[in-house]
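Asks: Sending over a structure as structure tokens; questions will come in a sec.
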Amino acid sequence: MTAMEAIFSRKSIRSYTGEMLTQEELKQILRACYAAPVGMGRFDSLHITVVQNSDYLAALEAEAGRQLGKD
């Protein structure tokens with residue numbers, strides 16, 4: 001796949017199944033995160049958080065909605 005094919009075939013996901021990731025899937029996603037370029041090489045300020053607890057995700061989504069005025 002060329003870079004342009006990847007750009008034109010990308011998709012935004014707005015709904016999720018709620019299905020947990022396998023350890024291998026999570027490792028693959030994190031490998032991609034670590035390979036992504038970071039502006040100005042500021043890797044020391046990079047922090048990646050993985051949240052899979054559905055109760056915490058619901059609370060996080062509700063708070064984000066309140067902060068953005070969507071309550």
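The values are calculated or read from the model by the stated rules, or taken from the named source; none is laboratory data. These numbers were taken from a predicted model, which means no experiment stands behind them. Methodologically, a virtual Cβ is constructed for each residue, glycine included, from the backbone with ideal geometry; neighbour enumeration extends over all protein chains shown. Surface accessibility is based on the protein's heavy atoms, side chains included, excluding ligands, DNA and RNA. Shrake-Rupley method; radii C 1.70, N 1.55, O 1.52, S 1.80 Å.
Asks: Restricting attention to region 6-26, and to residues there that are modelled with pLDDT of 90 or more and assigned to a helix (DSSP H, G or I), which single residue is nearest to VAL50 (Cα to Cα)?
Replies: Here the residue is LEU26.
Asks: Where the second residue is open to solvent by less than 60 Å² (accessible area, probe 1.4 Å) and assigned to a loop (DSSP other than H, G, I, E, B) and the first is under 26 Å from GLU25 (Cβ atoms) and lies in region 39-52, which pairs have Cβ atoms under 8 Å and are six or more apart or on separate chains?
Replies: LEU46/VAL38
Asks: Select from region 27-65 the residues that are modelled with pLDDT of 90 or more and of a type in the set (Asp, Glu) and write down the one among them that is farthest from THR17 (Cα to Cα).
Replies: Going through the qualifying residues, I end up with GLU63.
Asks: Further question: For region 46-63, give me each residue that is open to solvent by 100 Å² or more (accessible area, probe 1.4 Å) and outside any helix (DSSP H, G or I).
Replies: Within region 46-63, HIS47 is the sole residue that qualifies.
Asks: For region 27-45, give me the residue count where each residue is over 28 Å from ALA58 (Cβ atoms), part of a helix (DSSP H, G or I) and open to solvent by less than 90 Å² (accessible area, probe 1.4 Å).
Replies: Qualifying residue count, region 27-45: 4.
Asks: Condition check: surrounded by fewer than 11 Cβ atoms within 10 Å (Cβ to Cβ) and part of a helix (DSSP H, G or I). Does ARG66 satisfy that?
Replies: So ARG66 fits the description; yes.
Asks: While we're here: Is one or more of the residues making up region 8-15 under 27 Å from GLU61 (Cα atoms) and either surrounded by 10 or more Cβ atoms within 10 Å (Cβ to Cβ) or acidic (Asp, Glu) (or both)?
Replies: No: region 8-15 contains no residue that is under 27 Å from GLU61 (Cα atoms) and either surrounded by 10 or more Cβ atoms within 10 Å (Cβ to Cβ) or acidic (Asp, Glu) (or both).
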